Every structure is written in C-alpha cells, then in structure tokens.
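> This is the structure I have questions about; it appears just below.
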Amino acid sequence: MLSGLLYAKYRQPLEAKCFRADVELIKIDPACTSTIGAVRYASRRGWRVHAAAAGVIARRGQKLTERLPRAGTVIGVPVRGGHHALEHL
C-alpha cells in the first residue's frame with residue numbers, strides 16, 4: 001500500500017498529526033536496515049529479515065548504532081525454506 005503512495009503525501013499528514021498530539025516524530029534513514037537486520041539479528045533471534053530491519057530502525061531512533069561485520073565474513077541469513085550465505089565484501 002505505502003509503495004503506491006508518494007512519500008511526501010504520507011509524511012506531511014503524519015507530521016501534522018504528531019504535532020497536534022504533541023508527539024515527537026523521529027525521522028530515520030532506512031539505508032542498509034534490511035542487511036544489518038539480517039546479519040546481526042534475524043538468525044540469532046529467529047526473526048524474519050523485515051522484523052529485524054524494523055528493530056534496526058527502532059535502535060536508530062534510540063540513537064544506537066550497528067555496524068556490518070568485517071569484509072570477507074560469511075554469514076548465514078535465514079530465508080524462506082532455509083538459509084542463504086551472505087558474504088560481506
């Protein structure tokens with residue numbers, strides 16, 4: 001649903017609603033959240049990649065950070081029907 005909308009048309013009413021309710025809206029850069037979530041949290045906690053990415057976004061909202069593992073590290077990432085080996089280059 002959201003992918004069919006223009007981002008600004010979604011963002012502007014959300015900002016207005018947060019302002020009226022006196023709720024802080026924290027804007028987060030979602031770059032690499034799926035990859036970081038898959039590598040750092042999904043396999044360890046048994047989460048799906050999208051749930052792990054949401055966790056990374058939540059951590060960024062709390063001013064916490066993560067880093068990808070060193071280059072050349074091979075990590076098993078859970079995917080539907082098993083695991084996929086991901087090599088960080």
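The values are calculated or read from the model by the stated rules, or taken from the named source; none is laboratory data. Computed from a predicted structure; not experimentally measured. Please note: Cβ atoms are built from the backbone with ideal geometry, for glycine as well, and neighbour counts cover all protein chains shown.
> Which residue pairs have Cβ atoms closer than 8 Å, lie 6 or more positions apart in sequence or on different chains, and pair a first residue in the stretch 40-51 that is touching a residue at least 12 places away in the same chain (Cβ under 8 Å) with a second residue that is polar (S, T, N, Q) and assigned to a helix (DSSP H, G or I)?
From residues that are touching a residue at least 12 places away in the same chain (Cβ under 8 Å), the pairs are V49/S34; H50/S34.
> For A21, only one of the following conditions fails: (1) modelled with pLDDT of 85 or more; (2) buried (at least 16 other Cβ atoms within 10 Å of the Cβ). What is its number?
(2)
> In addition: How about the stretch 1-14: which of its residues are more than 24 Å from A51 (Cα to Cα), of a type outside the set (K, R) and modelled with pLDDT of 80 or more?
So the first thing to find is which residues in the stretch 1-14 are more than 24 Å from A51 (Cα to Cα), and the list is 8-9, 12-13.
After this cut, where a residue has to be of a type outside the set (K, R) as well, the list is 8, 12-13.
Correct list: Q12, P13.
> Here's another thing I want to ask about it. Tally up the residues in the stretch 27-60 that are within 21 Å of R11 (Cβ to Cβ), in a helix (DSSP H, G or I) and of a type outside the set (K, R), please.
8
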